[in-house]
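The values are calculated or read from the model by the stated rules, or taken from the named source; none is laboratory data. It should be emphasised that the depicted structure is a prediction, and the values quoted were computed from it without experimental measurement. Quick reminder, even Gly has a Cβ in these numbers, built from the backbone with ideal geometry, and neighbours come from all protein chains shown.
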Amino acid sequence: MVEHAFTQGVLADRVNEELKAAGHKGTVGDRTVRNWVTGKTRWPHQRQRDALAAVFGCTPACLGFYPPGTPAPPHEDLSAMLRRRFCTAATSAVAATALPAAGTRPSTRPTSVGTSDVLRLRDGLDRLTALDQRHGGHAALERAALAGAAEAVGLQDRSASQRIRQRLFGVAADYTTTAAWSCIDARQLDRARSHVNEALRLAGLSQDAVSLMRVWNSTAILAHQLGHYAEGVAAAQAAQSCAITRRDPLFGSLAHARAAVGHAHRGDRQAAIRSIGYAEEALVRAEARPRPSWIAFYGPAELHALSGVVRSRLGQPAEAEAASHRALSALPAAYRRNRAMTIVDLAIAQLHQGDAEHACATTEEAFALMSGSPLPGRLRVLLGDFYRDLLTLAPSTTVAREWADRYRSEWSPA
């Protein structure tokens, strides 16, 4: 509860939401939670255990519950627990580089599917998200995501409650959207379109607002990459209409930011600035709470970066440069690709202010940051945009020729 910043009342509300979603009455109150915390209730009812597992993403045993007639688990020192958690997280991060075996199945096939299966599949999603953050979109990531989606859909053949079936469709939608995003980042846009369409179907079957919002978010990004800016705005507006954007301002902020980018590329200055304002207002209202790992990238830093893109497209390079600087000052070092993209956006803003030499020097930081890894397709395209503008704005300068001679082999598509 401390880790998730839950009071007893908030936890009661979250458990009741899960109970109602599963077709049960939400009867958990502060006293019930207090009994759990104090140990007076050592083994909650099955429905409550399932709801708690869904809220916290772990088993009842991990939360300290144990069945009647069994000895209590030994007391564990908090520092030892945190050390184990750190080591487990580190081990999982290393294992993620080899891709999660999402498609593997146990040798003995259970006849029913439950919350534990959903949690296992979601754990695989988290590992793929971490892999994307480190290496960007690539074919192996796409294949692993599609394997996870296939397993989630395949589990529909087993006995399960309607709620579990919907969750499985939601997981399948998230895996498929991960595959779509991998293709978008690698600039494999035709395959990305196919995956987005399938993810939209699965999200509809799941009736999960978060999964649906994620698909519309990816659709907006894909439309932008394809140059279909009206479609991008429509997808962002569809994301705004999802129920999760009303319950959680962070999702609403992201949807407004996507709309702002689309409006800017369509040349609608007023709508773009208005949407950025809405995104900023919503982000201020967003509170810390458990969220899916895929949206961890979004916060003040990413909003500054998107604001820079909007300002640059609206012909305001000075404002774009300032926004990019703010983004870089707040972006965590772990988001290497995002930092590299923002650095190139910064260089473009500097170039459009007539400082070609400074802009070329700025791009060196992006190459240094991505050293040792292939450049994702989106980053290569952005660097191509920089070079095109460099030739247009400073065609006869020595710095333009030197930049091309030095970096063409690194950013040009193979």
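Summary of computed values
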| quantity | calculated |
| --- | --- |
| Those residues of the stretch 131-146 which are of a type in the set (Gly, Ala, Ser) and either surrounded by fewer than 19 Cβ atoms within 10 Å (Cβ to Cβ) or touching a His at 6+ places or on another chain (Cβ under 8 Å) (or both), in sequence order | 139, 140 |
| Residue check, residue 207 surrounded by fewer than 21 Cβ atoms within 10 Å (Cβ to Cβ), in contact (Cβ under 8 Å) with a residue 12 or more places away in the chain and at positive phi | yes |
| Neighbours by Cβ (under 9 Å, 6+ apart or cross-chain): first from the stretch 372-392, assigned by TED's automatic domain parsing to the domain that holds residue 344; second modelled with pLDDT under 90 and β-branched (Val, Ile, Thr) | 390/397; 390/399 |
| Residue in the stretch 362-379 that is crowded, with 22+ Cβ neighbours inside 10 Å, within 27 Å of the chain's Cα centre (by Cα) and assigned to a loop (DSSP other than H, G, I, E, B) present | yes |
| Unmet requirement for residue 350, which otherwise passes all of (1) under 25 Å from residue 300 (Cα atoms); (2) out of contact with any Lys or Arg (no Cβ under 9 Å at 6 or more places or on another chain); (3) of a type outside the set (Asp, Glu); (4) modelled with pLDDT under 90 | (4) |
| Matching entry among 246, 187 (being free of Cβ contacts under 8 Å to residues at least 12 places away in the same chain, of a type in the set (Lys, Arg) and under 24 Å from residue 258 (Cβ atoms)) | 246 |
| In the stretch 18-38, the residues that are closer than 20 Å to residue 66 by Cβ and outside any helix (DSSP H, G or I) | 28 |
| Residues of the stretch 355-414 satisfying the condition of being among the acidic types (Asp, Glu) and modelled with pLDDT under 90 | 402, 405, 410 |
| Residues of the stretch 390-408 classified as part of a helix (DSSP H, G or I) and surrounded by fewer than 11 Cβ atoms within 10 Å (Cβ to Cβ), total | 3 |
| Residue count, the stretch 2-58 (criterion: at positive phi and either touching a Phe, Trp or Tyr at 6+ places or on another chain (Cβ under 9 Å) or at pLDDT 80 or above (or both)) | 1 |
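One line per residue, one yes/no per condition, for (1) touching a helix residue (DSSP H, G or I) at 6+ places or on another chain (Cβ under 6 Å); (2) without any contact (Cβ under 8 Å) to a residue 40 or more places away in the chain:
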residue	(1), (2)
142	yes, no
151	no, no
175	yes, no
203	yes, yes
216	yes, yes
